[in-house]
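The values are calculated or read from the model by the stated rules, or taken from the named source; none is laboratory data. Given the structure is predicted, the values throughout are model-derived calculations rather than measurements. Heads up, the Cβs are rebuilt from the backbone with ideal geometry, glycines too, and the neighbour counts pull from every protein chain shown.
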Amino acid sequence: MELRRAGNSGLTLSRLGLGTMTWGRDTDEIEAADQCRAFLDAGGNFLDTAATYGDGDSERVIGGLIGTLFNRDEVIIATKAGITFSDGARKVDSSRHCLIAELDRSLSRLGTDFVDIWQIHAWDELVPLDDTLSALDYAYTTGRARYVGVSNYTGWQLARAATKQQANSMKAPLTTIQGEYSLLNRNAEFEIIDAAVECGVGFLAWAPLARGVLTGKYRKGIPSDSRGAAPHFAKHIEPYLDSRSAKIVEAVAVAAEGLGFSPLEVALAWVRDAPGVTSSLIGARTGAQLRGVLKSEEISLPEILRTALDEISL
């Protein structure tokens, strides 16, 4: 699998990263190990998690794989902090106090002294940015994080944070930003990716398959075994089941049939090779599903098809 440099840093990431949001909740330890093995065998080197995934269970599962399935220095592990679900309600807290405490808990669950990338999960309008960034500096200078980044920031938010860090050589430079990006959601093209490129920050695309909708599985309804049928995921799938999305999904399906590919392969290859993208985060419920996703590595889209998909998905 191709490795790409994250922005202006020395960090190299596989162009597909393995997302672990379901690990420990919908994906048990055995399936997680099977997925991880398939991903590493395909040449991937990048696992992405967060403190909030499965209420920490995702990190615990990854920690159990270190030393048994892979050596710590063989895999890039990224985690995130700043979002909690207290009493079922989503709460953003990117204060220095909260972030550092969460980082220490993440390291304990992972069973490691450091993470390769530590990211602020979301912008916090109630906390001064300097307070948030000071937590990144602390993690970086103490060796708890080899690199730092942000997630779900807008273009101006990224530019402001990155510029602050770049202005002082004693501060931790931002290395990555995560943002949603797919044929059904191209909002990242409006300033975010441009800001990342200009600031020398690697862009990591999450939900490149629009939470599975671009695989075509929802064309005739919601399968009982899909995320769309799961109570904790249904609200995230519903926005992509409208008429506009259906039109784009059909176009992807037609293009895939003409090329002899699957809709999944076409949709993922489009994001993976889009300008400014360092890595695209993929996820699956089972190892068998993941192996199907990894087949996208065997293809590249003809430029005429990419242009057509660009136009129909605007």
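Quick one: which residue in Ile282, Ile304 is over 18 Å from the mean Cα position of the chain (by Cα) and closer than 20 Å to Val252 by Cα?
Sole residue among the options that is over 18 Å from the mean Cα position of the chain (by Cα) and closer than 20 Å to Val252 by Cα: Ile304.
In the stretch 67-94, how many are assigned to a strand (DSSP E or B) and of a type in the set (Ser, Thr, Tyr)?
3
Among the residues of the stretch 293-307, what is the count of those that are out of contact with any helix residue (DSSP H, G or I) (no Cβ under 7 Å at 6 or more places or on another chain), assigned to a helix (DSSP H, G or I) and without any contact (Cβ under 8 Å) to a residue 60 or more places away in the chain?
4
Output the qualifying pairs, or none if there are none: Cβ atoms under 7 angstrom, residues six or more apart or on different chains, first residue in the stretch 24-53 and farther than 22 Å from Thr278 by Cβ, second residue assigned to a helix (DSSP H, G or I) and of a type in the set (Lys, Arg).
Gly24/Arg60; Ala51/Arg105
Take the residues in the stretch 267-308 that are closer than 25 Å to Leu40 by Cβ and β-branched (Val, Ile, Thr); name whichever of them is surrounded by the most Cβ atoms within 10 Å (Cβ to Cβ).
Ile282
Given the structure, is Arg15 surrounded by fewer than 18 Cβ atoms within 10 Å (Cβ to Cβ) and touching a Ser or Thr at 6+ places or on another chain (Cβ under 9 Å)?
no
It is to be established whether one or more residues within the stretch 131-150 are within 25 Å of Leu314 (Cα to Cα), hydrophobic (A, V, I, L, M, F, W, C) and crowded, with 24+ Cβ neighbours inside 10 Å.
no
Given the condition buried (at least 19 other Cβ atoms within 10 Å of the Cβ), of a type in the set (Asp, Glu) and within 29 Å of Pro208 (Cα to Cα), answer yes or no: does some residue in the stretch 103-117 qualify?
Yes, there is a match, as at least one residue in the stretch 103-117 is buried (at least 19 other Cβ atoms within 10 Å of the Cβ), of a type in the set (Asp, Glu) and within 29 Å of Pro208 (Cα to Cα).
Output the qualifying pairs, or none if there are none: Cβ atoms under 8 angstrom, residues six or more apart or on different chains, first residue in the stretch 116-144 and over 24 Å from Asn45 (Cα atoms), second residue of a type in the set (Asp, Glu) and surrounded by 18 or more Cβ atoms within 10 Å (Cβ to Cβ).
These pairs meet every condition: Asp124/Asp93; Val127/Asp93; Thr132/Asp124.
If you check Gly212, Gly202, which single one turns out to be of a type outside the set (A, V, I, L, M, F, W, C), at pLDDT 95 or above and crowded, with 21+ Cβ neighbours inside 10 Å?
When all the criteria are applied, what remains is Gly202.
Residues are listed down the side, and each one gets a yes or a no for (1) farther than 23 Å from Trp23 by Cβ; (2) modelled with pLDDT under 95:
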residue: Ser245; (1), (2): yes, yes
residue: Ile248; (1), (2): yes, no
residue: Asp273; (1), (2): yes, no
residue: Ile282; (1), (2): no, no
residue: Arg285; (1), (2): no, yes
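Run down Ser151, Ser95, Ser108 and say which single residue is without any contact (Cβ under 8 Å) to a residue 12 or more places away in the chain and either of a type in the set (Gly, Ala, Ser) or within 18 Å of Arg60 (Cβ to Cβ) (or both).
Testing whether each residue is without any contact (Cβ under 8 Å) to a residue 12 or more places away in the chain and either of a type in the set (Gly, Ala, Ser) or within 18 Å of Arg60 (Cβ to Cβ) (or both) leaves just Ser108.
Select from the stretch 78-90 the residues that are surrounded by fewer than 24 Cβ atoms within 10 Å (Cβ to Cβ) and within 20 Å of the chain's Cα centre (by Cα) and write down the one among them that is modelled with the highest pLDDT.
Ile83
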